[in-house]
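Notes to accompany the following structure.
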Amino acid sequence: MQIPYEVTPRPDTGVNNAKLGIWLFLASEVMLFGGLFAAYVFLRMGADAWPGMETFDTHVMATRADQILSVPLATLNTVILIASSVTMVLSWAALKMNNFKQFRLQMGLTILLALGFLVVKAFEYGDKFSHGVAPETSNFLGIYFVLTGLHAVHVTGGILVNAYFWGPGAKMWTQGSVRAKAHFTNRIEVAGLYWHFVDLVWIFLFPMIYLI
Amino acid sequence: MAAEMTVQEVKRHVRVYLMVFGALLVLTLVTVLVSYLDMSLAPALAVALFIAIIKASLVALYFMHLISERQVIYWVLVLAAAFLVGMFALFISSLLDQAEVAVMLMGAGVA
């Protein structure tokens, strides 16, 4: 069966296939992260103490997650990711206004911010490893690394897709017909839906893991 | 989101995106500051979740254009939400099934 790539809404669904497709994918992602959030609740409710491990410097039992994790770094990353969501939607708006240069700028910023997020994350992970702790150290760190690690994999995936559209994929716009330009704009919108979802997951991860 | 938008309409959207950006930054600051109040778990969780849900709604409604989306997308989300709630209900019911956990939760004022 051939699924035609059209950016005009289908009469039966009211949306184009790419949009319905990405939303179905995001629905499955809700279950993927939802399952791990449930695991977090399970581990936390079953634990005698949370985070249930010693602090790195004073070696007393930590009573708050922020004695193990860096809230300032995570706050910085929250701001970075929110900003990248804004530049992502601005890159789409630029195409809607037929302004390719502005698209390149905003999409470039989105990619740089995402890379910045990963660099900060790497510093956080590095700090943990330098203290000789790993996912196996405690249930708290186990679920921390799984949730933030899976999220980081999603960020990496988003960077790859966005970098493709910033670079070689943009040929569709620069060398394309009016129809191809409409297709490219649709691709950016769909990639944006994924990227905003990655931001959305972090909006829940940040308070759940770092703050409470 | 409709395929045909005038440049004026897009510009109006951009202004909304920037306002949402400001709101998200303020809410991030609020959620961090509130966490230093040293509340007990139940109220801290309630406040953190409340702020996170507002932030997530802003992202979903404006950046993901859910505020002006077609019905079929809403149904996909309703389906996902139903499965998510079902999964959490299964987990939580099994937690409450363990007597000592149920007692602990009630002691913490969560259940």
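Taken together, the values in this text are just the output of simple stated rules run on the coordinates, not laboratory data. What you are looking at is a predicted structure, and each value in this text was computed from that prediction instead of being measured. Cβ: placed from backbone, ideal geometry, glycine included. Neighbour counts: every protein chain shown.
Dividing the radius of gyration of the alpha carbons in chain A by their Kirkwood radius gives 1.06 for Rg/Rh. Within region A:56-114, the ratio Rg/Rh, alpha carbon atoms throughout and Rh by Kirkwood, equals 1.34. Rounded to the nearest 500, the helix-only mean residue ellipticity at 222 nm of chain A stands at -24500 deg cm²/dmol, with each DSSP H run of n ≥ 4 adding -39,500 (n - 2.57). Entry note, chain B: the mean residue ellipticity at 222 nm calculated from DSSP H runs of n ≥ 4, each adding -39500 (n - 2.57), is -26000 deg cm²/dmol after division by the residues and rounding to the nearest 500.
The ranking of B:Phe63, A:Phe145 from fewest to most other beta carbons within 10 Å of each one's beta carbon is A:Phe145, B:Phe63.
Taking amide H as placed 1.01 Å from N in the peptide plane, the amide H of A:Glu54 sits under 5 Å from that of A:Ala62, each at least 5 places away or on another chain. Tell me the angle of helix B:7-35 to the major Cα principal axis of chain B, expressed in degrees between 0 and 90 and rounded to the nearest ten. Helix B:7-35 and the main axis of chain B meet at about 20 degrees.
Largest mean-square fluctuation among A:Gln175, A:Gln106, A:Gln67, in a Gaussian network model of chain A whose springs join Cα atoms under 10 Å apart, belongs to A:Gln175.
The angle separating the long axis of helix B:71-97 from the principal Cα axis of greatest extent in chain B is about 10 degrees.
Where does region B:1-69 land on Rg(C-alpha)/(2.2 N^0.38 Å)? Intermediate values should be presented prior to the final figure.
Numbers: Rg = 15.8 Å, N = 69, 2.2 N^0.38 = 11.0 Å.
Region B:1-69 yields a ratio of 1.43.
Counted by neighbouring Cβ atoms within 10 Å, the residues A:Asp66, A:Asp127, A:Asp57 run from fewest to most as A:Asp57, A:Asp127, A:Asp66.
Would you kindly work out the equivalent ellipsoid of region A:1-121 from its C-alpha gyration tensor and give its semi-axes, the square roots of five times the eigenvalues, largest first in whole Å?
Values: eigenvalues 326, 113, 15 Å².
Largest first, region A:1-121 gives 40, 24, 9 Å.
Kindly flag which residue pairs out of A:Lys181/B:Lys55; A:Lys171/B:Lys11; A:Lys19/A:Lys101; A:Lys121/B:Lys11; A:Lys96/B:Lys55 have an alpha-carbon separation exceeding 28 Å in this structure. Violating the 28 Å Cα-Cα cut-off are A:Lys181/B:Lys55; A:Lys121/B:Lys11.
Residue by residue, region B:48-57 carries 3J(HN,Hα) couplings of 4, 5, 4, 5, 4, 5, 4, 4, 4, 5 Hz when phi is fed to the Karplus relation 6.51 cos²θ - 1.76 cosθ + 1.60 (θ = phi - 60°); x denotes Gly or Pro. Mean per-residue shielding of peptide B:56-65 is 6, counting Cβ atoms of other chains within 10 Å of each Cβ. Footprinting exposure proxy ranking of A:Glu124, A:Glu189, fewest other C-beta atoms within 10 angstrom first, gives A:Glu124, A:Glu189.
The mean count of C-beta atoms from other chains within 10 Å of the C-beta of residues in A:199-206, rounded to a whole number, is 6.
When the dipole is taken about the Cα centre of region B:1-69, and only Lys, Arg (+1) and Asp, Glu (-1) are charged at their Cβ, what size is it in debye, to the nearest 20?
Details: 4 positive and 4 negative charges, 34 e Å.
Value, rounded to 20: 160 debye.
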